[in-house]
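Asks: Just passing along the structure, written as structure tokens.
Please treat every number below as a calculation from the coordinates, not as lab data. Note that the structure is a prediction, hence the values are computed from the model and not measured. Cβ: placed from backbone, ideal geometry, glycine included. Neighbour counts: every protein chain shown.
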Amino acid sequence: MSLLDKVPGDLKLYIGGLPLEEKLFEGYKHMVVEVDDVEDENLLEHFPAATKFIEDGLASGGAVLVHCAMGKSRSATCVIAYLMQKHHISPSEALEQIRQSRPLCEPNEGFMKQLELYREMQTPENVEDTPTYQRWVYQREVEMSRACGQAPEAEKIRFEDEHVAAKDEGGFDMRCRKCRRTLATSQFLIPHQAQRGPADSCTHYFLDPLSWMRPELEKGEVEGRLECPNAKCKANVGKYAWQGMRCSCGEWIVPAISLSKGRIDEAKKKAVDPSAMGIRMPATANPRGPGQNNL
């Protein structure tokens, strides 16, 4: 195994395994990304800075060496991210390319999933502002809390309707059967695969957290019940369990935030102001024009 290998192609781009000793890099421009080679490490947040560093180095006419301890996982992941951005290729295609000269390259499973997410985002210059990244970070927080047997911290719960613009066409509304209050729209449903029987045998709608659930979900309880937000109704419409819940179809949903189909009516979705339903809109998607604030 050589210390470093040139990535196939016309670029002066190298990948290798070197110890992090300052004396080895005296006289060279050097960037350090402090991450461990473990599956739950967040390397995704560093992709834009790493790819820019590589691009700037190559654009100046120089050569760039991307290295970690073994030149196998972390360095390979950063090179793959760069190749994806430059050539618009998939993670597997980029990995195959660098393996032509360095066969031992093998990003850990967590890093490969992050590369797939980076591709889904279309390799943006700023990943942290994308809804996809924010949702991924939220899911990581939920998983960490779940591993500790706790609910996620209140300020870290992502209420999806505050980040995603409501769709005016298609789908259906889910209304409280008792008072007819609209509680959710089908765009916030979390699909799952029925493990037994037809899909319509499921007795729950599983949803992303929505803003009307805030008072209950921010209590810090691991599980509980959801009441209709209509102050004159307060009917029990569902339940939640951060540790997960098994649907009647047999599928395990984590986290589980559900409305009971027996307490909900479906109605064909009409184009209405989402704020009338208690569903919030992101500031960039205000349908009421400038100068008018969202609820």
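Asks: Determine the gain in length on full extension of the stretch ASP36-GLU22; use 0.36 nm per residue of separation and subtract their C-alpha separation, reporting nm with one decimal.
Replies: Working it through step by step, the gained length comes to 3.2 nm.
Asks: Charges only on Cβ, +1 for Lys and Arg, -1 for Asp and Glu: so what's the dipole of the chain about the Cα centre, in debye to the nearest 20?
Replies: The calculation lands at about 1560 debye.
Asks: Can you list the aspartates and glutamates whose alpha carbon is less than 17 Å from that of LYS12, not counting same-chain residues fewer than 8 positions off?
Replies: GLU55, ASP56
Asks: When the Cα centres of the range 7-55 and the range 67-86 are compared, how far apart do they sit, in Å?
Replies: 7
Asks: Continuing with this model, one more query. To the nearest 500 deg cm²/dmol, what mean residue ellipticity at 222 nm is calculated for the chain from DSSP H runs of n ≥ 4 alone, each contributing -39,500 (n - 2.57), summed and divided by the residues?
Replies: So the calculated ellipticity at 222 nm is -7000 deg cm²/dmol.
Asks: May I pose another question? Can you put ASP208, ASP56, ASP10, ASP161 in order, fewest other beta carbons within 10 Å first?
Replies: Lowest count first: ASP10, ASP56, ASP208, ASP161.
Asks: Turning to a different aspect of this structure: Rounded to the nearest 0.05, what FRET efficiency do ASP10 and GLN139 have when you use their Cβ-Cβ distance and R0 = 35 Å?
Replies: FRET efficiency, ASP10 to GLN139: 0.35.
Asks: Which whole-Hz ³J(HN,Hα) couplings does the range 174-181 yield from phi under the Karplus relation 6.51 cos²θ - 1.76 cosθ + 1.60, θ = phi - 60°, glycine and proline marked x?
Replies: Karplus-based 3J(HN,Hα) across the range 174-181 equals 10, 10, 4, 5, 7, 10, 6, 5 Hz.
Asks: Moving on. To the nearest 10 degrees, how steeply does helix 109-120 sit against the main Cα axis of the chain, on a 0 to 90 scale?
Replies: 70
Asks: Run the reach check for LYS113 against lysines, Cα to Cα strictly under 18 Å, same-chain hits fewer than 8 apart removed. What comes back?
Replies: Answer for LYS113, where 18 Å is the Cα cut-off: LYS72, listed by chain and number.
Asks: Follow-up question, since we're still on this one. So between GLU106 and LYS52, what do we pick up on full extension, going 0.36 nm a residue minus the alpha carbon distance?
Replies: Extra length available between GLU106 and LYS52 comes to 17.2 nm.
Asks: May I ask which residue of VAL79, ILE98, ASN126 lies farthest towards the positive end of the charge dipole of the range 4-129, with charges of +1 (Lys, Arg) and -1 (Asp, Glu) on Cβ and the Cα centre as origin?
Replies: Going by the charge dipole, the pick is ILE98.
Asks: Calculated FRET efficiency, THR130 and SER90, Cβ-Cβ r, R0 25 Å, to nearest 0.05?
Replies: Once rounded, the FRET efficiency stands at 0.85.
Asks: Any chance you could run the full-extension gain for GLN187 through ALA147? It's 0.36 nm times the residue separation minus the Cα-Cα distance, nm to one decimal.
Replies: Value of the extension gain: 11.6 nm.
Asks: Please report Rg over Rh for the range 1-134, where both radii come from the alpha carbon positions and Rh follows the Kirkwood definition.
Replies: 0.93
Asks: Additional query: Can you tell me the FRET efficiency between ALA59 and ALA154 if r is taken as the Cβ-Cβ distance and R0 is 45 Å, rounded to the nearest 0.05?
Replies: Using R0 = 45 Å, I get an efficiency of 0.50.
Asks: Enumerate the calculated ³J(HN,Hα) couplings along the range 222-234 in order (Karplus 6.51 cos²θ - 1.76 cosθ + 1.60, θ = phi - 60°), each rounded to whole Hz, writing x wherever the residue is Gly or Pro.
Replies: 6, 8, x, 10, 10, 9, 4, x, 5, 4, 8, 10, 6
Asks: Taking the range 3-86, which trypsin sites (Lys or Arg not before Pro) meet the DSSP loop condition and have no more than 11 other C-beta atoms within 10 Å?
Replies: LYS29
Asks: I've got another one for you. Whole-Hz Karplus ³J(HN,Hα) for the range 213-219, in order, using 6.51 cos²θ - 1.76 cosθ + 1.60 and θ = phi - 60°, x for Gly and Pro?
Replies: 7, 3, x, 7, 5, 7, 6
Asks: Here is a further query. I want the antiparallel fraction of DSSP beta bridges within the chain, as a percent rounded to 5.
Replies: 85
Asks: Which whole-number percentage describes the relative contact order of the chain, with Cα contacts under 8 Å and a sequence gap of 6 or more?
Replies: That works out to 15 percent.
Asks: Right, another one. Under the rule of at least 5 residues apart or a separate chain, name every residue whose amide H is placed under 5 Å from the amide H of LEU183.
Replies: Sorted by chain and number, the residues that satisfy this are MET174, ARG175, CYS176.
Asks: Please list, ordered by chain and number, the residues whose modelled amide H lies under 5 Å from the amide H of ASP208; skip anything fewer than 5 residues away on the same chain.
Replies: For ASP208, whose amide H was placed from the backbone, the distant partners under 5 Å are ILE190.
Asks: Nearest 5 percent is fine: what portion of the DSSP beta bridges confined to the range 4-129 is antiparallel?
Replies: In the range 4-129, approximately 40 percent of DSSP beta bridges are antiparallel ones.
Asks: Continuing with the same structure: Quick one: compute the contact order of the range 4-129, relative version, from alpha carbon pairs under 8 angstrom and 6+ residues apart, as a percent.
Replies: About 32 percent, as a whole number.
Asks: Let me ask you something else. Amide H neighbours of GLY9 under 5 Å, at least 5 residues apart or on other chains, H built in the peptide plane: list them.
Replies: Distant-sequence amide H within range of GLY9: zero hits.
Asks: Across the Cα atoms of the chain, what radius of gyration and what greatest pairwise Cα-Cα distance (Dmax) are found, in Å?
Replies: Taking only Cα atoms of the chain, I get Rg and Dmax of 23.9, 73 Å.
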